[in-house]
Structures are given as C-alpha cells and as structure tokens.
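Undergrad: Mind having a look at this structure? Questions to follow.
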C-alpha cells in the first residue's frame, strides 16, 4: 500500500481556502472563468485570486503573490502559462499549500520541453510534499461543498448530490463536457487525472474507498502505470464498494491512438482485462455505460441473482429486451405459480415473462391501477432478482402521477430495476426520466445500457458472494 | 415474384379519398383521433367519416354507411370493434375500395375467436381482391401527402420529407411512439405490418423498390413467413437500394418471447442471418441502429471503401472511436504525405489519425478557420473513404456558425461522414444536431451507432461492388 493518502489528498476535495493563479480578464480569462464557476456552484470556502496585474475581480482582492495572502491556503489551482507553473508550485509549497491542481496544458503530452517541466514538478513534490493533480487536467468537483476547479463555462450551476464518484483520464468525461444537470446523476465527487505526474488512479482508489460520501466509483482509464499497486488497491476497494472501469484502447489501433494521445502505453488489452477481473472491477465498454451504469448501484439495493423479469408497454420492445438481457448475461425468470395466478386474474394475456402490458392497458378503465398491480405482482416474485420496465410516455401523460404509480409499486421492493422510457417528444422523455431518477428509479435512454447496468450489478453481487465464501474458507484453514 | 403489387398497394400510401370507420367521440374516440391527425398533418385528399351514430365531426358530414358515400373511396381505415370488422371490409370491397388498414386489435394475436375472424378477412380478400394491412396495426404514413392512419395522439404535426422508408412489425416503431420530428429523420413513408393477414414484408419490398420517393428501407421484423419469396424480393431490392433489417429474437429466449408476442415463429436465428446475408440485407442489432443507420444512406453518397479518418475535439473520444471503428469493421486510414504536410503546417500535433483538435483549438485566434482547414485536409485525402467527427458544443457556441463551417468544409466532398456532438446541455446538443442533420451532415447520439452507420454503408458499397463483378462474370459466360 502507498503511504497513507492523508490530509493532502483530502484537501484536494475539501479545502477551506483556495488560491487561484491565472488571468482574471472578464469573460475571457481562465482564472475569471474559474471564479465564476466557484461562485455559481456556491463554494463556501475562502477564495484568493493571485496575479500581479489585477487589483480586484468579482469583488475579491487580487493578491500580487501567494506570500501576500494572510492565513492558510489549502489548495492552489494553477492556470498560468507553462514556464511559470514550476515557480508558482514552489511558492505554494513554501506557503504550506497542501495540494495543487495544475490546469495548464503543454507538459509531457506536448513535447520534450513540456516533459522536462513535468519532471521538475515531480522533483518539487518529492522535496516539499505538496501533492499535485495534473498537469493538463480540469481537476476536481465536490458536489457537497460547491468546489469546482474547471475554468471553462459549464452551462449549469448545480450537480445533484449523491454517491457516485467519476474519475477520468480525459477532459471529455469532465463537467464542462457533459450534461450532468440535465441527466441528474447523483454525484459525490469528480476528478480528471490529467497527466498524472503525481496523483493517479491508485491514490483515487484509496481516497474514494475512505470517502464516506462515495458509494460507487466509475473510472475511465487510458493507461495504468503501476499495475501491481492498482490491482491491490482495486481489490481492497471492491471488497467495500463497486468499481466500474471503462478502459478503452481494447483494439491494437486503439492502443496506438491512446499512446499518442496521452504519451502513455495502453498495453496489451488481455493483460488489462485479466488484471481488472482479478481485482473484481466491473469493466464496461462505452461512454454511455461509464456514465449510466453506476446509478444502478447508487439508486438500488444489490440483486441476489441474475434472473430478470421484463414488463413492457410494447411487445416488440419486450422481445428486444429479452435478447439484450441474455446477451448481457442475465437469465429470463420463470414466474412463480403465485405470480402467474395474480397476473391471470388481471388478464390471461399478461401471465408470461416478458409481460406485454400493451393490449391490456389501452382498453382499461384505470390503466394506472393495472400497471401498479402488475408491477407489484412481478417485482415481489421470489423467482426474480431484478426487472426491466419499458414505459410509454404519451403527449398527455400525467408525468407526476405516473412517477408516483411507480414509486408506490416499488415500495419495499429491494430489487434492482431499470426503466426505459419511450415516446414522441424528447422533452417529455427527459422530464419523465428526471422524475423517476429523482425517486431512485434509474432510467436509461436505450435498452442495451439498461440491461448492461442490471447485469453489471448482478455480476458484482456474485463477486461479493464468492469473495465472502473464499474469506470463510480462509478463516477455516 | 408475387403478382404485380399494382394499384391496390400504391393506393395504401396515396389514396385520393379515405373512409374512416370508428368512434368520433371528441377527444376519446379513436376515429376522432385519426381525423385530428389527418388534419394536423395536412392530408389533402377527401375524408369520409362513417358511423351511424354521428351526424358531423370536425366540420365533416358523417355517413351512416359506406354505400351512402357519393363517389370513389380508395382507402378504408377501420377501428371498429372486432366482430364488426369483417362486415365493414365486405361493404368496402363491394364499394370498390382498393385497400383497408385494420387498426382493430384482438385478432390472431389474442385468441381462437380472433384467429377465426382473421381467417375470414383472408377469405374476403381472396374473393374480392381488396388488399388488407393488419389487423392490429397503426397502418401507414406518407410524409409527402400528409396521410396518416394512426388514431392515437402524436404530439407533433410534421415529419421531415426525405427518402427513408421505415417498415416495422411492432407499434413501438411507429410515429405515435417515436420523437420523429425532434430527431428530424428525412422520411418518405412508414408502415406497421401488424398481423400480416394479407400484405407483408414481401409486398413492402416490392412497393418500396418501385417507389421513387424511397432511397433506403429500414425494416423491423419479428418473423418472415415466406422465406424464399422474402430472400428473392430482398435480393431484387438490394440491387437498387440499401435494405437495413432489424430482426431481433436472436437468442433462444428472445425467439420464445417473440413467438408468444406475435403468434409467429421467430425461427432459428442462424437461418435468418444466412438468408439476410444472401439477400444483401444489412442487419443491425438495436432500435437505435434501426432508426439512425438509414440516414447515413439518405444524406451521404456511398463510400468507396472502409478506411476511416477521425477528427475529434477530444483526444479521449478519439481513442474510443478508434476502438468502435475497428470493432464495426472499419480500418484506420493512413493519411497521405500531402495530408500530413497540410496538417503539420497548421500544427505538428495534428498530423496523425485520429486528429486531436483539442490542444490546438483552445488557444487559437480563429478556431473555426483551423477546424475548417483540418476537416478539408482530412476529408479530401484519397487514402480515406469516410470520416467520424466529434464536436464539442459549448454554452456560448454560435450554433448556426458552426453548422456553416461544417457545411463549407464538406462542400464537394462526396464521402460519408458521421458526427457525434457532445456538450453540457441536452437542448443545445439537440439544436446543433438538427442544424447539421438539416445540412445532410448526419449526427449520432453515441459513438458506437455512428461508427456502425459508417461501417454499414461501407458494407453495402462492398456488396454492390461484388454484385457488379459477378454480374459481369455472368455476362461473359
């Protein structure tokens, strides 16, 4: 294990005070953009802009240098040109700053001179103990305290608080590139690893394992530099919390592209695959899965198996879901005689898995009541570990009411469910999804990702079971 | 070949006059809903509501029976209760109606009595020559003449006119269930096959092959009843136009689910797969592909090969795209020395495939100009057959301007391109996508579907090449 991650890394996500180094030119300066984001997201700590060319910005005094700041500075965010970065980091270390986020680009990923400057950063860290995230990163977000170190305009000012930590090795998986507010992901923290000159995925595994606000970690990795350490840390992590890993560059061509993109060796994919399996990590294959699979863990209790029930407003969608479920590794549940009998009482046509609600709902006097009865009958079946539900949202659908029907139907049902909403207006689909997600009923924009989320959850549940058994065996011997 | 599909099937999509049988109770009657849709979509033909219980609806005289209508009726849309359907169809045939859409459910898909009624429909067709679509269908749409036979509220009143025909065997793939206006698919016609008591996929292949407004056909099939005929018709079709087929029930469990859903035999998937290959059909695997792959054919010229160039605002997205491209069967292009030199002139960091625009655009004085130069350099490379482009849409992005930059960059470039747009607000992504799609620059909501669309296009191009060669060989022998 690495030396205790200690206060310095915790400070990265929970600083009481931040110094910001950059340009504060209104609207265009990246330092200005960062202050605006901190303000919009409601960061409560002290913020010290530092730049000799400005006196005041957004009502804050700008300090000519960090030494002029009275009192403690916990975290520095550095967006100066590359040659200035090393001296700023030195000054920060001298002032007792615990951690620095270096947003500045053009280090090892760019050229030889950049690589030299990056080695200098490592030397400063070795000498002073200051921890560095980056360079070439947009840094971190903490949804609880409003901390954000991104200097680009975000387009929203709020992230739903929850237990998902997202950690990536590319800016595309950071908040300035993703509709996090529209999607309503319940997030604890986010971190962009950048060039990983100091802090890397292993530190983040340690940190998020200890972090009480994080229940599940989704990691995007282009490379892993310390394989053994990573597997050990991941294995410790997965004993307590699920770890989702999106490691692209699976093809040879992908590995070459990754190498030239991050100046890192993507390595043989089979070795990664094996290592991730050993560590109990849950590998996913698309950006969509990287974003959408974790909420299944955050919103629903762990399943006890992989037998799935499918309830759909459309028979055609049910057939497609069966295919996707089987491909994802799930098993189509056989309903218990009790469930069959409950369903038959409503309509003989409902008594099979997948349940096709379509022909029964449209002529019904109270379709909501039938829907609730069917869902409860299916979800409480002991032969079933999880469920996929397909809902039609019509133009006149009473969205609140539908969400409440689902909430009631799921009451006291401690099984994972995934919901796919379809209909004729994107705006209504988004609204229905938000309502369901906010009730811990996870929605998905396509069948395949929904089933993958359920299957991934079942995989983790099985892994935990096996681990418990092998732990018991070890104890006995 | 079946007997010439003739006027009766053409009438299904292009009637001058329609009789509507159903309830015209305001807001709730399905006949009323149908009239409203015809009105909203601007159908120009004559519409005759028929029902003895009403005198007038939406300003139209309601006829007590079809025999009371003066003049010719081309098409009947029937939404009466099941027992009344057969006598209505008989009256229609007597009146000389050429085709009937039977929306009514509860025929062979429901029970024995329904199956008996359905057999009666077939007898009437045999005796009278009236052609029947359904029962258990929402029928057809013709985007050009405003014809729509769906009796449910749609939530929009306009479909973009274009060359894609969608034909499905499930209501979920019809207009009352899909955001067709929001997505802006350029559509010629749509058809829901329903129970296929008469007209089926073979008739539709014949019809859409002859239909000049249709350039590409996307078919969702749960079963094929006349395998040999289907393969022959599909083979004739694919000699002239691309045929995309989404045939789910690939797994055994899926086949069982399909059998109970449509009362049809889904059959062994390997046989289907082989038959579709023989016919030159392009099989896809998800709803998303069923909807989004065809527009690549409609909007872009056919590629001459499968070598792809990738240009991305994000290096991380580029790496993922390489993986997805290789998996889909594409080959990462080697840029020509001329392209390499053009790119190096802009920035040495750009001179590789995938091109990572990120580090070059953000500090640039005129990022749009650079983007245009890079795109033109890459797209005009003779070593490259198609391209995948990833665009970031920021909060302040001048959407019109960006779309124009792309339009200029693509001018005179006759290669397929697929675009993936990412950013922080779903509304902006939708707006940007609409702007690009309307310029025949097809956008996709995920990397995998975009690459699948390009690969499917390359597959069809290869197929056409092979067919031409074997045609020549046959001529010689």
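The values are calculated or read from the model by the stated rules, or taken from the named source; none is laboratory data. In this text, all values refer to a predicted model and were calculated from it rather than measured experimentally. Glycine gets a Cβ as well: all are built from the backbone with ideal geometry, and neighbour counts include every protein chain shown.
Undergrad: Which one of A:254, A:315 is over 25 Å from residue A:217 (Cα atoms), crowded, with 19+ Cβ neighbours inside 10 Å and within 14 Å of chain B (Cβ to nearest Cβ)?
TA: Going through A:254, A:315 in turn, just one is over 25 Å from residue A:217 (Cα atoms), crowded, with 19+ Cβ neighbours inside 10 Å and within 14 Å of chain B (Cβ to nearest Cβ): A:315.
Undergrad: With (1) farther than 24 Å from residue A:207 by Cβ; (2) under 29 Å from the mean Cα position of the chain (by Cα) as the list, and residue A:68 as the residue in question, which single condition is left unmet?
TA: (2)
Yes/no per residue for (1) modelled with pLDDT under 95; (2) assigned to a strand (DSSP E or B); (3) crowded, with 24+ Cβ neighbours inside 10 Å:
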| position | (1), (2), (3) |
| --- | --- |
| B:73 | no, no, no |
| B:80 | no, no, no |
| B:83 | yes, no, no |
| B:94 | no, no, no |
| B:119 | no, no, no |
| B:123 | no, no, no |
| B:137 | no, no, yes |
| B:141 | no, yes, yes |
| B:154 | yes, no, yes |
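Undergrad: Further question: Based on what the data block shows, is residue A:232 closer than 15 Å to residue A:281 by Cβ and either more than 14 Å from every other protein chain (Cβ to nearest Cβ) or buried (at least 20 other Cβ atoms within 10 Å of the Cβ) (or both)?
TA: Considered against the rule, which asks whether it is closer than 15 Å to residue A:281 by Cβ and either more than 14 Å from every other protein chain (Cβ to nearest Cβ) or buried (at least 20 other Cβ atoms within 10 Å of the Cβ) (or both), residue A:232 comes out as yes.
Undergrad: Does residue B:414 satisfy the criteria of being under 29 Å from residue B:366 (Cα atoms) and either part of a helix (DSSP H, G or I) or away from chain A (no Cβ under 14 Å) (or both)?
TA: Yes.
Undergrad: Still on this structure: Would you say residue B:36 is in a loop (DSSP other than H, G, I, E, B) and either at pLDDT below 95 or buried (at least 17 other Cβ atoms within 10 Å of the Cβ) (or both)? Before the answer, list the steps.
TA: Details: in a loop (DSSP other than H, G, I, E, B): no; either at pLDDT below 95 or buried (at least 17 other Cβ atoms within 10 Å of the Cβ) (or both): yes.
So residue B:36 does not fit the description; no.
Undergrad: Do we find that residue B:336 is outside the structural domain of residue B:163 (by TED's automatic domain parsing), closer than 26 Å to residue B:457 by Cα, modelled with pLDDT of 95 or more and surrounded by fewer than 23 Cβ atoms within 10 Å (Cβ to Cβ) in this structure?
TA: Against the criterion (outside the structural domain of residue B:163 (by TED's automatic domain parsing), closer than 26 Å to residue B:457 by Cα, modelled with pLDDT of 95 or more and surrounded by fewer than 23 Cβ atoms within 10 Å (Cβ to Cβ)), residue B:336 qualifies.
Undergrad: Just the residues that are more than 10 Å from every other protein chain (Cβ to nearest Cβ), in contact with a helix residue (DSSP H, G or I) (Cβ under 7 Å, 6 or more places away or on another chain) and within 19 Å of residue B:217 (Cα to Cα), please, taken from region B:148-177.
TA: B:148, B:159, B:162, B:163, B:164, B:165, B:166, B:167
Undergrad: Same structure, new question: So residue B:87 fits all but one of (1) touching a residue at least 24 places away in the same chain (Cβ under 8 Å); (2) under 30 Å from residue A:356 (Cα atoms); what number is the exception?
TA: (1)
Undergrad: Which residues, counting only those in region A:421-454, are out of contact with any strand residue (DSSP E or B) (no Cβ under 8 Å at 6 or more places or on another chain), more than 8 Å from every other protein chain (Cβ to nearest Cβ) and touching a residue at least 60 places away in the same chain (Cβ under 8 Å)?
TA: Correct list: A:434, A:438, A:440, A:449.
Undergrad: OK, next. So which of B:377, B:321, B:387 ends up being assigned to a helix (DSSP H, G or I), touching a strand residue (DSSP E or B) at 6+ places or on another chain (Cβ under 6 Å) and either buried (at least 17 other Cβ atoms within 10 Å of the Cβ) or within 11 Å of chain A (Cβ to nearest Cβ) (or both)?
TA: From the options B:377, B:321, B:387, the qualifying one is B:321.
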